[in-house]
Amino acid sequence: SNDGFERSYETYCSIFSAATFNWVTPTIRLGNKKRLDPEDLDILPTGDQARIAYDRFKAEEREDRSLLKNIFWYHRELVLYQFMYVILCSAFRFAGPLCLNMIVQYFQNGRTDNKIVAYLWAVGIFVGPVISSLGHQKQAWIGRHFGFRLKGILSQMVVEKTLKLPYQVPADDAPADDTGSNTQTDGKRDAKEQSPEEEEAEMRRKTATAGKVLNLLTTDIQNITNICGHIALLYGLPIQIAICFYLLYSLLGVSVFIGLAAGCIAVVPGSYVAKKLFAFYDLIQVQNDKRVNAINELFQSIRIVKMFAWSDRFIKKIDTLREEQINVYYRMFFYEMSSSMLMTVQPVITILVTFFTYTAVFGHTLTPAVAFTSLSILRVIQEEMGGFPGLVSWIISGKTSLNRVDDFM
């Protein structure tokens with residue numbers, strides 16, 4: 001390429017190959033014949049390589065912006081492309097229900113003319129979901145790119161910050177000067193003379209234990225990158241819900257708003273569950289730090305532990321911390337299950353109340369075209385809402401981890 005870097009085939013493949021991921025086919029075929037070696041794989045695109053991505057991120061980083069804003073500003077092009085594919089996916093996602101409505105109306109009215117139009121509607125039932133699926137796969141692939149690139153950037157940031165943290169000799173090991181005074185007492189005397197920046201650096205040094213840094217590089221960064229693969233739901237789901245209720249309003253009228261009000265009842269306990277999940281994810285990260293610190297303490301002092309036969313005592317301490325962590329997980333999984341149940345029940349309540357209001361209150365007749373189309377639209381929303389509880393959990397855990405990384409920076 002013009003910038004001197006070797007180009008990945010992914011960056012210059014055809015539109016068809018990019019849409020269907022056909023550019024991966026040669027690698028898959030080679031993997032069926034032999035075990036893949038590193039030289040058999042295509043190189044990463046330039047923007048996904050950790051060193052280059054980190055340098056570009058630092059060049060665009062601003063101190064007056066939070067870490068979250070800096071991340072989205074650097075990945076603004078990826079987010080924009082992903083949003084375009086979300087629009088494409090959402091538009092064609094409802095092509096199937098609309099074509100189904102036209103076909104049912106065609107036979108319901110006993111029409112026999114314009115059979116070609118009926119066949120076109122039948123083809124639309126197939127073509128619409130196919131285009132929507134391609135758009136969905138592309139926006140998911142962009143999300144994976146986002147997460148892969150962000151993982152390299154954050155890992156480099158944490159490692160670089162860890163190496164730059166100030167180191168202080170422990171007070172017990174501090175040498176005495178010629179006057180017989182110890183640096184420990186001098187440190188206590190001069191503690192009040194530290195600047196705010198020095199006090200902040202000292203606090204970071206004290207809290208940057210090996211266990212915390214290890215958790216930041218593994219659990220926390222992984223929690224953050226997990227969101228990227230599903231971040232399209234954050235702006236894709238509201239768009240699809242808006243399209244859904246517009247279509248339902250065109251079919252069922254004002255009854256949709258009554259059904260929506262009934263479905264919103266689940267939002268009240270849902271907000272309570274979300275708050276509890278936030279608290280549990282914070283507690284889990286604290287428990288992880290304690291357990292990893294205990295394990296590191298055991299490994300660093302393994303000779304002394306073996307010499308004085310303290311193995312059982314350390315193992316008991318680690319097991320106790322693990323039991324506390326598991327108990328927190330059990331309680332957190334209960335609230336995750338409750339969140340999933342609320343999200344599953346909410347669309348069902350909405351459509352039942354809507355149908356009841358449409359027929360019993362307003363006295364309309366529920367025709368096959370209206371019923372089948374409404375249920376088909378509801379099924380689309382249920383499929384999207386099925387992944388929403390998991391998204392809530394990822395957002396809560398990712399936000400907690402992002403705050404930990406931001407505080408460490």
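The values are calculated or read from the model by the stated rules, or taken from the named source; none is laboratory data. Because the structure is predicted, anything quoted here is derived from the model rather than measured. No Cβ is skipped: glycine too gets one built from the backbone with ideal geometry, and neighbour counts run over all protein chains shown. With ligands, DNA and RNA removed, areas are computed over all heavy atoms of the protein, side chains included. Shrake-Rupley method; radii C 1.70, N 1.55, O 1.52, S 1.80 Å.
Taking θ as phi - 60° and the Karplus parameters 6.51, -1.76 and 1.60, the scalar couplings of the stretch 135-152 work out to x, 5, 5, 5, 5, 5, 5, 5, x, 5, 4, 4, x, 5, 5, 5, 5, x Hz in sequence order, x denoting glycine and proline. Using R₀ = 22 Å, calculate the FRET efficiency as 1/(1 + (r/R₀)^6) where r is the Cβ-Cβ separation of Q382 and A242; round to 0.05. The value I calculate is 0.85. The calculated FRET efficiency for the pair Y119 and E60, based on their C-beta separation and a Förster distance of 51 Å, comes to about 0.45. Only loop residues by DSSP count here, and only those with at most 10 other Cβ atoms within 10 Å; note down the trypsin sites (Lys or Arg not before Pro) in the stretch 35-117 that meet that. Filter output for the stretch 35-117: R35, R62. Over the Cα atoms of the stretch 330-409, each weighted equally, I'd like the Debye log10 I(q)/I(0) at q = 0.24, 0.26 Å⁻¹, rounded to two decimals. Debye output, listed in q order: -1.08, -1.16. Using the Cβ atoms and a cut-off under 15 Å, what net charge is assigned to the surroundings of K276, where Lys and Arg are +1 and Asp and Glu are -1? Result for the neighbourhood of K276: +1. For the stretch 286-295, backbone phi angles converted through the Karplus equation (6.51, -1.76, 1.60; θ = phi - 60°) give residue-by-residue couplings of 5, 5, 4, 4, 5, 5, 5, 5, 5, 5 Hz, Gly and Pro being listed as x. Look at the dipole of the stretch 300-399 built from charges on Cβ: of L378, V305, Y335, the Cα furthest out on the positive end belongs to V305.
Bridging of K317 to lysines at a Cα separation below 23 Å is possible for K206, K212, K290, K306, once same-chain residues fewer than 8 apart are set aside. The spacing between the stretch 215-275 and the stretch 10-47, judged by their C-alpha centroids, is 35 Å.
Express the accessible area of the stretch 211-355 per residue in Å², computed with a 1.4 Å probe while the remaining protein chains stay in the model.
On the way: 7930 Å² over 145 residues.
Counting only protein heavy atoms, the per-residue value for the stretch 211-355 is 55 Å².
Report the net charge of residues surrounding T218, where surrounding means a beta-carbon distance below 14 angstrom and charges are Lys +1, Arg +1, Asp -1, Glu -1.
Result for the neighbourhood of T218: +2.
Once backbone amide H atoms are built at 1.01 Å from N, I43 has Y9 as its partners under 5 Å, excluding neighbours fewer than 5 places away on the same chain. Net charge around T400, counting only other residues with Cβ within less than 10 Å of its Cβ (Lys, Arg = +1; Asp, Glu = -1)? Within the 10 Å Cβ shell, the charges total 0.
What pairs from K58/K151; K69/K275; K151/K275 go past 25 Å between their alpha carbons?
On the way: K58/K151 14 Å; K69/K275 23 Å; K151/K275 27 Å.
Flagged as over cut-off: K151/K275.
Ranking E297, E10, E77 from most to least accessible surface, computed with a 1.4 Å probe over the protein chains only, gives E77, E297, E10.
3J(HN,Hα) couplings calculated from phi for the stretch 214-229 with the Karplus curve 6.51 cos²θ - 1.76 cosθ + 1.60 (θ = phi - 60°) are, in sequence order, 5, 5, 4, 6, 10, 5, 5, 5, 5, 4, 5, 6, 4, 5, 4, x Hz; Gly and Pro show x.
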